[in-house]
């Protein structure tokens, strides 16, 4: 166990702003078959707690498999609430084993202090007590009339959930969830009418939170137990067997030779990583140490390179087939299969990356960049020959989701297929150490998500037991009248503000109760309304002042965090515009007939391309610079192409075509201006050779080519 359990974790599928995936060294992650750097030997105490964590993970996953596949050995079955208590016993307890009480505390992995040991044991004991009395809880209504011991245990679980939430998602989210969980105590005294609700004494609130079906055990945890755990396991298996390396090599083989190839590789590999880790910060920390230095060597300014990585990584939570936690919660809130959610999210994700890709290509063309020589790149066919198991596993997952339509079983089947290939395949065979690493990383990933989800359930439970959720949605509709655009703007601002301090899943759960019903009542498609909330909650990852993905990328690039966030915000501009468009045009989220969907997506691609060219000041297809007036026209026409009205779409298309033709005929083809600068100076004063100063690029001016891994063209008309 010493050989595999070190301070690294394969990351997870979380979305927490207190993203604890960064506690290890995601940048150094490789699949388990690769030799690891000499890890420190574990003490006897560390080995004990490592064994406990592995045992809890194996037991928890087996219980989930039994529930999902209906094994029921010997007639053994678990009621839903008993199942959820066992999930909490196995995974919530691991938060206290694996996550430090204070981020600043120095502690080796599995070095568990006495107070964390008490919390972990108390968590297991409390939840197993409830699981053993699950039938009595349901039949005798313990949530409203519990015996004294159950009342005490309810208080214990309430506090344990809040502490686990603090460790996994941060103090701000915990304060919000804690305040909401206490809201029923004062609901009757609220000064605002629509905030008033049914009052509860504190002991009744505790039992409803811990024993009722709508709070800690509510829809979020039910979704995590039935669906999300399987996808978390699949993501860890994909990473630990070498999936991250494969997708980066594949991206390099396809895009590395193109102009701005290093940036296109970053966009593509980060989008691929989104299939394994829905956490923007984990995505940056995993791919950024490889892609950001490569972009800087190619000549990209540090802030631009970090901005590209942050923007591309943020798309992970909205990219099918495996999306962020909030997308799985949509399944329960909307009552539709996950395959429908993934299909609805496909076009918006495509538009998002088309926008980023267009700007990256336009920048490379405008500054005269070319790709790496093909001799320095991996061969596509050779990469596919070695990486076919990953494509097979993803293909199997998609087929199972679409045809079998069982999102609970599909990820386990795909993970089992990939594990079987990895164990039996002679090349980079996954041995016992690799399997143990999969178990350890899966346990950590699931524990972090369960810690967040259980805490978020307190918000749902408080609004449900007080009855305030219905009145809030009703008052919102009354306040805006029939103005859909006004409530969309209000919703976007609310999502963004909450997203600065809460996780995407926490924001989603809160607004799925309060905001989404109001949007639906005003005629917005339900799927579009829920995706709108997710998009705007995730926007906080690249938007100042709390742009965690951008700040993480800035740390790798050694650039100003705020300047990086501003650059990421410009590169991800489509993320701010597209949600309004699909809320008004449900065909963009596949909520229409096939012909209408294809037409809407086709026009939207042209529109996003026009907007990307406008933001960058260069039109890639016609290879010309765009003056200020042309950029303004292209931006307006691009937005018009995403709107549902036929007149606006046709007008936008005609304007874009005429504008590009005019620029082609009369545009400026001059060579890029003279190069300035020579090295990249970070915000800490450090200098990185081979990259340009962040302020070194004038309008259209190329960065310094010193040390570039990419080539430059003197020909101003650079072709891909």
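We did not get these values from a lab; they are worked out from the coordinates using the rules stated. Computed from a predicted structure; not experimentally measured. Every residue, glycine as well, gets a Cβ built from its backbone with ideal geometry; the counts of neighbours run over all protein chains shown.
Classify region 1-591: rounded, prolate or oblate, from the alpha-carbon gyration tensor (a ≥ b ≥ c, eigenvalue square roots; a/c under 1.5 rounded; otherwise prolate if a/b is larger than b/c)? Oblate. Given their separation in residues at 0.36 nm each and the Cα-Cα distance between them, residue 102 and residue 79 gain 4.7 nm when the chain is fully extended.
Per-residue counts of other Cβ atoms within 10 Å, averaged by peptide: what ranking do you get for 603-616, 312-325, highest first?
312-325, 603-616
For region 483-618, a Kirkwood hydrodynamic radius built from all Cα pairs, placed in the Stokes-Einstein relation at 20 °C and 1.002 mPa s, yields a translational diffusion coefficient of 135 µm²/s.
Give the peptides 132-143, 341-352 in descending order of average Cβ contacts within 10 Å, highest first.
Per-residue mean Cβ counts within 10 Å order the peptides as 341-352, 132-143.
Where the centre of each part is set by its Cα atoms, how far does region 220-275 sit from region 80-148, in angstrom? Region 220-275 and region 80-148 have Cα centres spaced 32 Å from each other.
Among 581-587, 375-381, sorting by the average number of other beta carbon atoms lying within 10 angstrom of each residue, highest first, gives 581-587, 375-381.
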